[in-house]
Amino acid sequence: MYNHQLDTFITVADCGSFTKAAERLFISTSAVVQQINSLEDHLGLKLFLRGPRGISLTEAGSSLYEDSLRMISLSRDAIARAQKSSESSETIIRVGSSIMNPCRPAMDIWRKISHLHTGFKLQIVPFDDSWTRVLDTFDSLGESFDFLVAACDSKTWLKHASFLRISTCSLCMAVSPDHPLAGKRLLKVPELAGETVMMIPYGDSPILDRIRARLLSEAPGITIKDTVRFYDVEVINRCEVENNMLLTLSTWADVHSGLNTIPVDWDYKMPYGILYSKHPSEKMISFIGIIKEALKDT
């Protein structure tokens, strides 16, 4: 349906590193580089600028990146529709997965109980989680895929999707290795005095609003720099480039290999769970019921 080297290309672009992309793809770094070189030769284009501080997309690479996401999405949708037409007694539940919102937490639960529900099968569908498209993703739940797994305390998100909490994750700080606080194993709020901290704007998340108030109260001279409404990989890249601190989640510790994620001496936790359609299908209602029952035993 499409050149599978595009999957490697997209992963490298998202990770900003051949080495990190290799880890995510479970292949060697040399294999990743070889695939990118082969793709560039095939297209007759230079897709990445390579430098001592890492790699970045060229203008041609950025154009191909956007078009590749659409092409791969269309191709996977076509395959999913073809597979659906050939289904027999199995009920397919499609789980979205991305760099920022991997599906592993839900898959871990399912592995423990799948033998009890052989009529259901989970299918992983990659999706684009850039902040400009996230609300469209929620509104289309049940079309390209049935649910995704994410941390959620967003009033906006909860207007667009239903949420089943399965766990929590910690709020941390991410910093570049060059940052003065990068060597800390645990941060205390007063140590952030005079620093610039990037975080989501006020008003959408009650938990993050409480953290903002505490930072402004207990860290004199701190500057809060609002990001876009919802984090994506670009926000995390900006943290490194600007050498600021970024309020982040423990679950994102491996998203950017160039940042250190440091716990903070506080008790703030973000709910983490399954986001699905406000008007779920019968099969999704059944699946959510299965997961709720499984959570009772944990």
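The values are calculated or read from the model by the stated rules, or taken from the named source; none is laboratory data. For clarity, every value in this text was computed on a predicted model and none was experimentally measured. No Cβ is skipped: glycine too gets one built from the backbone with ideal geometry, and neighbour counts run over all protein chains shown. For the accessible areas, the whole protein counts, side chains as well, though only heavy atoms, and no ligand, DNA or RNA atoms are used. Shrake-Rupley method; radii C 1.70, N 1.55, O 1.52, S 1.80 Å.
Quick notes
- For region 257-298, the set of residues classified as small (G, A, S) and either outside any helix (DSSP H, G or I) or buried (at least 19 other Cβ atoms within 10 Å of the Cβ) (or both) consists of S257, G258, G273, S277, S281, listed by residue number.
- Checking D77 against (1) more than 12 Å from A13 (Cα to Cα); (2) modelled with pLDDT of 90 or more, the condition it does not meet: (2)
- In region 238-256, of all residues being modelled with pLDDT of 90 or more and of a type in the set (A, V, I, L, M), the one that is surrounded by the fewest Cβ atoms within 10 Å (Cβ to Cβ) corresponds to L249.
Per-residue answers, yes or no, for (1) within 27 Å of L135 (Cα to Cα); (2) among the polar types (S, T, N, Q):
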| position | (1), (2) |
| --- | --- |
| E195 | no, no |
| D204 | yes, no |
| L208 | yes, no |
| S217 | no, yes |
| N237 | yes, yes |
| E242 | no, no |
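- The lone exception for I124 - which of (1) open to solvent by 40 Å² or more (accessible area, probe 1.4 Å); (2) within 26 Å of N244 (Cβ to Cβ) it fails: (2)
- Count of region 217-236 residues which are in a helix (DSSP H, G or I) and either in contact with a Phe, Trp or Tyr (Cβ under 9 Å, 6 or more places away or on another chain) or buried (at least 18 other Cβ atoms within 10 Å of the Cβ) (or both): 4
- Identity of the residue in region 86-96, surrounded by fewer than 19 Cβ atoms within 10 Å (Cβ to Cβ) and not in a loop (DSSP other than H, G, I, E, B), that ends up modelled with the highest pLDDT: I92
- L192 falls short on exactly one of the conditions (1) over 30 Å from E23 (Cβ atoms); (2) open to solvent by 20 Å² or more (accessible area, probe 1.4 Å), and that condition is (2).
- Matching residues in region 17-39 - criterion: being under 25 Å from S130 (Cα atoms), out of contact with any helix residue (DSSP H, G or I) (no Cβ under 8 Å at 6 or more places or on another chain) and not in a loop (DSSP other than H, G, I, E, B): K20, E23
- Residue check, D14 part of a helix (DSSP H, G or I), within 29 Å of L141 (Cβ to Cβ) and open to solvent by 50 Å² or more (accessible area, probe 1.4 Å): no
- Of the residues T168, T156, the single one that is assigned to a strand (DSSP E or B), open to solvent by 20 Å² or more (accessible area, probe 1.4 Å) and among the β-branched types (V, I, T) is T168.
- Selection status of W131, in contact (Cβ under 8 Å) with a residue 12 or more places away in the chain, surrounded by fewer than 18 Cβ atoms within 10 Å (Cβ to Cβ) and under 30 Å from I222 (Cα atoms): yes
- W131 falls short on exactly one of the conditions (1) at pLDDT below 95; (2) within 18 Å of the chain's Cα centre (by Cα); (3) within 20 Å of V264 (Cβ to Cβ), and that condition is (3).
- Pick from region 195-216, criterion within 22 Å of T251 (Cβ to Cβ) and part of a loop (DSSP other than H, G, I, E, B), ranking: least open to solvent (accessible area, probe 1.4 Å): S205
- L47 vs. criteria touching a Ser or Thr at 6+ places or on another chain (Cβ under 8 Å), open to solvent by 50 Å² or more (accessible area, probe 1.4 Å), among the hydrophobic types (A, V, I, L, M, F, W, C) and on the phi < 0 side of the Ramachandran plot: no
- Considering region 26-44, the residues that are among the aliphatic types (A, V, I, L, M) and more than 24 Å from the chain's Cα centre (by Cα) include one that is most open to solvent (accessible area, probe 1.4 Å), namely L43.
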